[in-house]
Amino acid sequence: MQEAFASAYGQALADGLGEALHNAADPACLDSKKVKSAELRQRGLDLMNKWGTRMLEQSASLIDAKTYESKFAESSGRNATADLTRLEADTDVKRYREIERPIRLTAVLDAVFEQFDRYAASAGIKLAAVSPLAGGNDILLTKDPTEQSEKDLKEFIATHHSPALKQFLKLSEDAADAMTAAVNPDQAEKAGPATFFKGVETDLAEICVR
């Protein structure tokens with residue numbers, strides 16, 4: 001989460017959250033708790049790092065590791081996991097992953113803020129939505145690296161045809177399919193905003209947002 005928030009997009013989201021917290025926090029409560037308005041952005045960032053990490057860990061727990069390994073080996077061979085790890089050391093693969101990284105980090109931030117906003121709304125917390133899905137924040141759109149990174153990836157793939165990169169892309173696709181197949185359907189169906197953020201109201205109350 002910290003790497004994601006260190007990006008320009010992550011910082012823009014932190015700014016949006018800080019503004020929302022500033023508008024929602026009760027001034028008298030802030031005075032009584034000796035919390036300065038200028039601290040709210042960092043407090044919000046700390047909160048989202050904590051709860052975002054929790055969400056990622058809980059999401060990962062929905063995946064059955066043995067099923068994943070079995071499905072991956074079934075589609076790509078018994079050494080699929082080792083092959084994928086080995087290929088990550090290839091020069092072209094390293095560059096591909098560097099270009100792709102902002103897309104993954106942005107997707108994580110979007111998912112975390114979407115679930116947080118949905119939980120806040122359902123719990124009756126008086127806090128404006130920050131997620132880009134809520135719309136109305138042009139700054140977020142200009143900071144989102146996804147479109148440019150996807151364009152850069154297409155150009156990179158079009159000009160790099162190494163066997164290692166080709167194999168990595170195939171194995172990555174198979175691994176993603178295996179991971180989807182390894183998700184516990186019953187648990188996934190029950191998972192929702194409360195699964196990940198129930199209890200965040202206690203932390204928000206500490207900065208006078210209710």
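Read-outs: derived from the displayed coordinates by stated rules, not from any lab. Keep in mind the model is a prediction, meaning the values are calculated, not measured. Virtual Cβ from ideal backbone geometry, glycine too; neighbours counted across all protein chains shown.
Miscellaneous remarks
- From the coordinates shown, Cα Rg over 2.2 N^0.38 Å corresponds to which of [x] 1.00; [y] 1.41; [z] 1.20: [z]
- Here the extension length gained between Glu69 and Glu57 equals 2.4 nm, from 0.36 nm per residue of separation less the Cα-Cα distance.
- Greater than 28 Å apart at Cα, pairs in Lys36/Lys126; Lys50/Lys126; Lys170/Lys190; Lys34/Lys143: Lys170/Lys190; Lys34/Lys143
- Seen from every direction in turn and averaged, the convex hull around the alpha carbons of region 64-153 projects onto 8.6 nm².
- Charging the Cβ of each Asp and Glu at -1 and of each Lys and Arg at +1, and nothing else, the dipole of region 1-52 about its Cα centre rounds to 160 debye.
- Enclosing the Cα atoms of region 86-210 in their convex hull gives a volume equal to 148 cubic angstrom per residue.
- Asn49-Gln11 pseudo-label distance in nm [points 7 Å out on the Cα-to-Cβ vector]: 1.6
- Note on the chain: with charges restricted to the Cβ of Lys and Arg (+1) and Asp and Glu (-1), its dipole about the Cα centre is near 380 debye.
- Simple spin-label estimate for Ala28 and Leu133 in nanometres, 7 Å along Cα-Cβ: 3.6
- R0 of 25 Å, Cβ-Cβ distance Asn184-Glu150: FRET efficiency to nearest 0.05: 0.25
- Listed by chain and number, the lysines whose alpha-carbon sits under 22 Å from that of Lys166, ignoring those within fewer than 8 places in the same chain, are Lys71, Lys94, Lys151, Lys154.
- Region 1-102: trypsin sites (Lys or Arg not before Pro) in DSSP coil with no more than 16 other Cβ atoms inside 10 Å: Lys34, Lys36, Arg78
- When the chain is described by a simple charge dipole with +1 on each Lys and Arg Cβ and -1 on each Asp and Glu Cβ, the residue from Leu40, Phe197, Leu141 located farthest towards its positive end is Leu40.
- Full extension of the segment from Asn79 to Glu39, taken as 0.36 nm per residue of separation minus the current Cα-Cα distance, would add 9.4 nm.
- Within region 1-119: Cβ-based charge dipole about Cα centre, in debye rounded to nearest 20 (Lys, Arg +1; Asp, Glu -1): 260
- Gained length - Glu19 relative to Ser122, 0.36 nm times residue gap less alpha-carbon distance: 35.0 nm
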